[in-house]
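To keep things clear, I will list the structure first and then write my remarks on it.
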Amino acid sequence: MTKANDKLLTEKDIDRIIEMAWEDRTTFEAIEIQFGIAEKEVIALMRREIKASSFRMWRKRTNGRFTKHAALRSDAVNRFKCKSQRLITNNKISKR
């Protein structure tokens, strides 16, 4: 278990956060809604949990990407669920 923002994250949570961070259409705000950790904490988690080369590739890919920030997205995009979201257990968003 890892502590982030005074919240204990399980390995399963960490794996899901990493997966969501890699997804192009999943915003940092969606990760914060689901797990209660802000963009800076997601970046720190990614830096800590993945290889340095993977982290650099991810940062290069996410910097300036309008789909990773809700405020920069088109109003036409109003969701952040991935196609496999319902298959993932303990996913709070899919149970709404």
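Just so you know, all these numbers are worked out from the coordinates, no wet-lab data involved. As the structure is a computational prediction, the values presented were derived from the model and not from experiment. Note that we place each Cβ from the backbone using ideal geometry, even for glycine, and neighbour counts take in every protein chain shown.
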Q.
Could you check region 27-37 and list, in sequence order, the residues that are touching a residue at least 24 places away in the same chain (Cβ under 8 Å), within 17 Å of Thr10 (Cα to Cα) and either acidic (Asp, Glu) or surrounded by 15 or more Cβ atoms within 10 Å (Cβ to Cβ) (or both)?
A. Gln34, Phe35, Ile37
Q: Check region 43-63 and report whether any residue there is buried (at least 16 other Cβ atoms within 10 Å of the Cβ) and under 9 Å from the mean Cα position of the chain (by Cα).
A: no
